Amino acid sequence: MFSTGLFADVSFSFNQGILKVNVVENPIINRIAFEGNQRLKDDVLSAELQLRPRVVYTRTKVQSDVQRVLELYRRSGRFAATVEPKVIQLEQNRVDLVFEVDEGDATGIRKINFVGNKAFDDGELSDVIRTTESAWWKILTSDDNYDPDRVTFDRELLRRFYLAAGYADFQVLSSVAELTPDRSDFFVTYTVSEGKRYQFGNINIVSQIDKIDPETLRPLIEEEIQAGEWYNANLVDDAVDALTTSVGDQGYAFIDIRPNVQRNRENGTIDLTFTIAEGPKVYVERINVVGNVRTLDEVIRREFRLVEGDAFSSSKMKRSKQRIENLNFFKTVDVKTLPGKTPDQTVIEVDVEEKSTGEFSIGAGYGTDDGAFGQLGIRERNLLGKGQDLRLNFTLGSSDQQIDLSFTEPYFLDREIAAGFDIYRREEDNQDESSYDEEQTGGRLRAGFKYTEDLSHSFRYTIEQNSYSDVDSDASRLLREEENEFIELVVGHTLTYDKRDSTIAPTEGYFARLSNDFAGVGGDETYLKSRVEGGYFYPLDREHEWILSTRGSTGYIVGIGDDTRISQRFMLGGSNLRGFESAGVGPRDISTGDALGGKMFYAGTVQMDFPLGLPSEFALKGRVFSDFGSSEGVDGARAGEVYDTGSIRGSVGVGVGWESPFGPIGVDLSQAILKEDHDKEEVFRLNFGTRF
């Protein structure tokens with residue numbers, strides 16, 4: 001009777017052949033409440049309880065629920081939490097159950113110790129694992145709170161680290177967490193066995209497919225692995241990926257490539273044999289999308305290079321994951337395969353974690369002559385979860401006011417065509433640079449599509465009304481002659497070849513871009529303007545933390561029947577040539593100092609991005625750079641009227657970037673080292689932003 005849970009007390013008496021059973025019934029729960037909980041909400045705690053309103057109250061279940069609540073707090077790093085159940089008696093044998101919670105402080109990590117490590121010191125291993133020691137400045141991270149799941153993950157991180165360093169026999173013998181007597185912190189100790197360090201020995205490729213010659217694939221292996229180098233499990237995985245992609249591109253969708261590892265403990269080498277065989281035929285049964293709350297399934301599915309019913313291809317799945325990541329809608333994208341209904345079928349599951357796609361950005365800069373300016377932008381990159389991009393920008397400053405409305409539909413008419421429009425109004429005070437004001441009001445229609453995964457083409461049609469006003473009486477003659485209103489109708493295109501690993505934060509690869517704009521299909525102006533740009537990104541380490549990049553661009557404009565105007569020519573300086581102000585380099589009137597812009601320009605950058613050696617939670621990276629470039633050519637200039645040397649300018653500088661919780665923040669300090677006396681320099685630039 002006790003085991004039924006219905007009774008608080010049961011007693012028996014026997015008198016004159018009659019057995020009498022006396023029971024005291026357990027009360028019925030009327031309501032369950034929580035008091036004192038701040039970190040975990042009521043609905044989170046209630047979901048863990050066995051007891052519910054209108055259920056029979058028992059002390060056993062109450063104690064069990066107390067332990068469940070305490071376990072929730074332990075998972076959130078609060079081992080000092082206490083839970084006290086209180087019962088409030090009501091009429092008709094009913095009770096209210098109240099859990100009084102004292103959450104306590106977060107249980108931190110007082111000290112992390114490593115035992116058995118000889119090749120790497122404690123500091124190096126501490127940088128490998130996610131768990132960190134508590135410190136006052138770690139207010140923006142929870143990695144310094146004890147989490148048993150995180151400690152388990154740290155064991156895997158240590159294993160990967162040692163395998164990448166050549167220690168193929170490495171083991172984590174134990175990971176022990178000891179609670180301090182005051183229950184406020186933990187001591188965490190990892191005991192490891194490093195084993196021997198190995199080098200790569202003989203590297204062989206064996207193909208069980210007649211039409212595949214192993215020797216043609218050897219250069220792919222040699223790009224990743226060289227005999228005599230220290231063994232690195234990551235390089236073996238990279239080699240398998242390279243072989244899979246290459247063989248898959250030859251039309252073999254079902255490939256099984258297995259690296260056979262043979263340890264030679266006596267001489268400390270590992271021989272590798274890559275066996276290429278036809279794998280079992282597998283087809284995509286279905287594609288599941290999970291984790292997306294706001295983003296529509298269609299937005300994710302249309303980025304897939306595989307569809308249901310296709311032959312499974314690991315290279316296409318890898319490319320699909322990259323395309324989803326390039327949307328920049330998600331914190332994480334996990335693509336994995338699951339067994340299908342039959343052995344020859346597989347289910348692809350895409351698990352995403354969404355992030356904020358709305359942005360509220362603020363930009364600021366400082367010029368030695370112009371002072372400060374500010375920019376304000378509002379943008380939603382995933383409008384209504386449909387992947388549409390809506391942007392509204394304002395520029396507010398002493399010399400520039402601008403409003404720009406932009407909208408882009410990435411899959412116009414359900415085809416892979418990105419179409420959109422821009423409407424803008426700009427008012428620029430160029431009195432300091434060129435002694436005139438400029439107003440531009442216009443609109444633009446645009447559309448783009450892809451020929452291949454890497455080659456894309458976009459087209460645009462622009463209508464713009466432009467006017468020069470308030471030209472000073474003592475301004476350059478070339479400017480005074482342009483003081484009027486005119487209308488431009490421009491047709492243009494841009495052809496882009498992009499092999500970067502990411503369009504958001506590239507670490508390797510390259511891109512090239514060609515743009516042409518022709519004005520003359522109506523309007524008051526006729527010219528042809530061309531521009532070429534490109535960049536190359538090269539990681540200097542396997543972790544892609546040290547990135548060497550080079551970027552360059554050049555352009556030329558030619559008037560057809562008319563001279564080019566200042567607003568049509570190229571302005572060099574500022575963001576495209578650090579160390580100089582905007583329009584600080586290029587042709588300039590000798591007598592007035594007005595910047596006139598150049599018909600031709602070129603600019604380039606060599607930059608090194610690197611970690612600053614601080615803990616990863618700071619999210620700080622440094623950079624050193626050198627910019628160079630020049631601009632020349634002005635229509636209608638007389639001899640001795642314009643500085644127009646075309647000589648190369650250059651600068652060097654350093655900068656710091658911080659991916660803060662409020663958005664990216666960057667500071668650049670640069671110094672011009674190749675310059676002309678008439679150039680205008682700028683030393684300091686700052687930009688920052690936030691997202692919502």
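Each stretch of four or more DSSP H residues adds -39500 (n - 2.57); spread over every residue of the chain, this sum gives -4000 deg cm²/dmol at 222 nm.
Please name which of N267, H493, T526 has its Cα lying farthest along the dipole of the chain towards the positive end, using unit charges on Cβ (Lys, Arg +1; Asp, Glu -1) and the Cα centre as origin. Comparing the listed Cα positions along the dipole, N267 ranks first. Remark: the stretch 142-216 carries 51 Å² of accessible area per residue (probe radius 1.4 Å; ligands, DNA and RNA excluded). Dividing the Cα radius of gyration of the stretch 183-297 by its Kirkwood radius returns 1.16 for Rg/Rh. Could you state, as a whole-number percent, how many of the C-alpha pairs of the chain are farther apart than 38 Å? Result for the distance tail: 56 percent.
Working ranking of peptides 675-681, 401-407 by packing, defined as the average number of other Cβ atoms within 10 Å per residue, highest first, is 675-681, 401-407.
Cross-link partners of K281 among lysines, defined as those whose alpha carbon lies under 17 angstrom from its own and excluding same-chain residues fewer than eight positions apart: K316, K341. Take the stretch 15-98 with all the other protein chains still there, run a 1.4 Å probe, and you get 64 Å² of accessible area per residue. Taking each of K318/K355; K621/K680; K118/K336; K318/K386; K599/K621 in turn, the alpha-carbon distance tops 25 angstrom for K621/K680; K118/K336; K599/K621.
Leaving out ligands and nucleic acids, and using a 1.4 Å probe, what accessible area per residue does the stretch 400-535 come to in Å²?
On a per-residue basis, the stretch 400-535 sits at 50 Å².
Tell me which of Y231, L220, I590 sits at the most positive position along the dipole axis of the chain, charges placed on C-beta atoms (Lys, Arg +1; Asp, Glu -1). After comparing all options, I get Y231.
For the stretch 383-478, the alpha carbon positions stretch 56, 28, 22 Å along the principal axes, listed from largest to smallest.
Tally up the carbon and sulfur contribution to the accessible surface of the chain as a whole percent, 1.4 Å probe, everything protein left in place. Summing carbon and sulfur atoms, their accessible area is 51 percent of the total for the chain. For the chain, a crude dipole built from +1 on the beta carbon of Lys and Arg and -1 on the beta carbon of Asp and Glu, taken about the Cα centre, is about 3300 debye to the nearest 20.
Scaled against the 2.2 N^0.38 Å expected of a compact globular protein of N residues, the Cα radius of gyration of the stretch 286-356 reads 1.07.
Using the Kirkwood radius over C-alpha pairs as Rh, can you work out the diffusion coefficient of the stretch 413-541 via Stokes-Einstein at 37 °C, viscosity 0.692 mPa s, in µm² per second?
The Stokes-Einstein estimate is 187 µm²/s.
For the stretch 92-131, a crude dipole built from +1 on the beta carbon of Lys and Arg and -1 on the beta carbon of Asp and Glu, taken about the Cα centre, is about 200 debye to the nearest 20.
How large is the Kirkwood hydrodynamic radius of the stretch 57-192, in angstrom, based on all distinct alpha carbon pairs? Roughly 17.2 Å, rounded to one decimal.
Once all protein chains are placed together, R542 keeps about 130 Å² accessible to a 1.4 angstrom probe. Annotation note: trypsin sites (Lys or Arg not before Pro) in the stretch 427-512 located in DSSP loop regions with a Cβ neighbour count of at most 16 within 10 Å are K499. Taking the average, over residues, of other Cβ atoms within 10 Å as the packing measure, peptides 259-272, 219-232, 7-20 rank 219-232, 259-272, 7-20 from highest down. Computed across the stretch 547-647, the Kirkwood hydrodynamic radius from all distinct Cα-Cα pairs reaches 15.3 Å. Between F170, I648, T245, whose Cα lies farthest towards the positive end of the dipole of the chain when Lys and Arg beta carbons carry +1 and Asp and Glu beta carbons carry -1, centred on the Cα centre? After comparing all options, I get F170.
The values are calculated or read from the model by the stated rules, or taken from the named source; none is laboratory data. Worth saying up front: this structure is predicted, and the values here are computed from it rather than measured. As a convention, Cβ positions derive from the backbone with ideal geometry for all residues, glycine included, and neighbour counts pool all protein chains shown. Note: accessible area is taken over every heavy atom of the protein model, side chains too, but ligands, DNA and RNA are not part of it. Shrake-Rupley method; radii C 1.70, N 1.55, O 1.52, S 1.80 Å.
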